[in-house]
Structure formats: structure tokens, C-alpha cells
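These notes concern the structure reproduced below.
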Amino acid sequence: MLENEYLMQHYVRDRLGEARAIAAAAAVARHASTAIAPAGDDITYTTGRALDLRKVVALYRANHWSSADKPRELRRALRKADAVIAAWHGDDLVGLGYAISDGALVVYYPHLLVLPEYQGRGVGRAIVDRLRARYAGYHQHVLIADGRAVDFYRKCGFERAGRTEPMWIYAGADH
Ligand SMILES: CC(C)(COP(=O)(O)OP(=O)(O)OC[C@H]1O[C@@H](n2cnc3c(N)ncnc32)[C@H](O)[C@@H]1OP(=O)(O)O)[C@@H](O)C(=O)NCCC(=O)NCCS
């Protein structure tokens, strides 16, 4: 199925919200239940931006992230990102992180997520390490850590940002 057809399906689901939603949920569940958690050596990492949108959406949906409901925007975001790191087990997309940047001083890491059954195996840290290496020497590496991920980011070298408060205007409800 072409990506545009996939997006059209999503549009139909948004408008009518019936059979296709059920089929998509079943596909995600099949994906989640058939993946076999591997040893760390089995994971490979790529930097291309043109990823299979269905795999990306499945990864976001498996983590209950609201961006999964905006596949068109998600595809555009990844294509416009300054750097994308994808983690693969064979053909399965098991992790993803990306960065946006001014190209000189500041890099911001909007999204990092690992398929639940692959979490705790070093994939998240490997993606962060690759992104940090890409922007080595930059003045600021910035992210907003979900409460449950704070200790993970500490282990990756991040610390609370001085006397700051994260602030946003957010269209989602998943935080
Ligand atoms: C947070 C996330 C990206 C971490 O990726 P991961 O592959 O599971 O983490 P890793 O296996 O690379 O862990 C690296 C280290 O952090 C620790 N760690 C991982 N998740 C942790 C957590 N939630 N709390 C505390 N420590 C954590 C690991 O134990 C490991 O420690 P070690 O080096 O002492 O062994 C992943 O759990 C995830 O996708 N979560 C859901 C989405 C999310 O919250 N993303 C971040 C949004 S800000």
C-alpha cells in the first residue's frame, strides 16, 4: 500500500471512525505480539529520514503517543528534522529519535521512543548517544523529559535545566 493510500485510510478513520480503526488496532496488536525481544547486538541504527510511515505510526501507537493520530504531520516532521536515528531489528522499526537544530548552537530533541518489548535493552541510550555525537560541541542540548523518563535521561548525561520550568502549548493529552 502506498503512503498516500495509508494517509487516506487514516483520514477516513478520522471522519468515520469505525471498521478501519478496528483493523488498524488489530494490525498494531499483531505487530506488538509477534516481535521477539533480541540481544543488543541484533539492533542496527540508520539515519535516513524517509521511513515507512506505517512502521513509525505503529511505534508511536504502541507507546500511546498522540502524534500517532497525525500521520501526515508526523511524516512531514521526520522529513524536516535535522537528524533522525532509527533502530531496527531486522525489518522491524523498534526505536526512533530525532533532532531539530539551528545548526550552530542549539539542538532540541522532540521525540525519543522505543517499542515497549525492546525497552531496557540499551536501544534508547544508543539513539541518544548517536544524536549527542552528531551535535557534539553544541552550546545547548535541550529536551522535555516525561516524568517517567527523567532517570533515563540522567543516565544519558542530561540534568535539570537550572531554575527553569518547561512550558508549552500542546494539542495532546498524553502527558
Ligand atoms: C525512555 C526510553 C526511551 C528509554 O529507552 P530504553 O531503550 O528503554 O532505555 P535503555 O535500555 O537504553 O536504558 C539506559 C539506562 O537507563 C535506564 N532506564 C531506562 N528507562 C528508565 C526509566 N524509565 N527510569 C529509570 N531508568 C531507566 C536503564 O536501566 C539503563 O540503565 P543502566 O545503563 O544503568 O543499565 C523508553 O523506555 C521509551 O521509549 N519509553 C516510552 C516513551 C518515552 O517515555 N520516551 C521519552 C519521552 S521524554
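No lab work stands behind these numbers, since they all come straight from the coordinates. Fair warning: this is a prediction, and the values are worked out from it, not measured in the lab. Neighbour counts run over all protein chains shown; Cβ positions are idealised from the backbone, glycine included.
Net length available on complete extension from TYR170 to ASN63 is 36.7 nm, with 0.36 nm assigned per residue and the Cα-Cα distance removed. Between LYS80 and LYS155, how high is the FRET efficiency from 1/(1 + (r/R0)^6) when r is the Cβ-Cβ distance and R₀ = 22 Å? Nearest 0.05. With R0 = 22 Å, the Cβ-Cβ based efficiency is 0.15.
Available extension along the chain between ASP91 and LEU105 is 1.5 nm, counting 0.36 nm per residue and deducting the alpha carbon span. Between GLU73 and ASN4, the simple label model (points 7 Å from Cα in the Cβ direction) yields a spacing of 2.3 nm. Using the Cα gyration tensor of the range 103-168, with a ≥ b ≥ c the square roots of its eigenvalues, what is the shape: rounded (a/c below 1.5), prolate (a/b larger than b/c) or oblate (neither)? Verdict is oblate for the range 103-168. For the modelled label position 7 Å from the Cα of ARG125 along Cα-to-Cβ, which residues of the range 45-64 have backbone nitrogen atoms closer than 20 Å? In the range 45-64, the label zone of ARG125 (backbone N under 20 Å from the point 7 Å along Cα→Cβ) covers 45-46.
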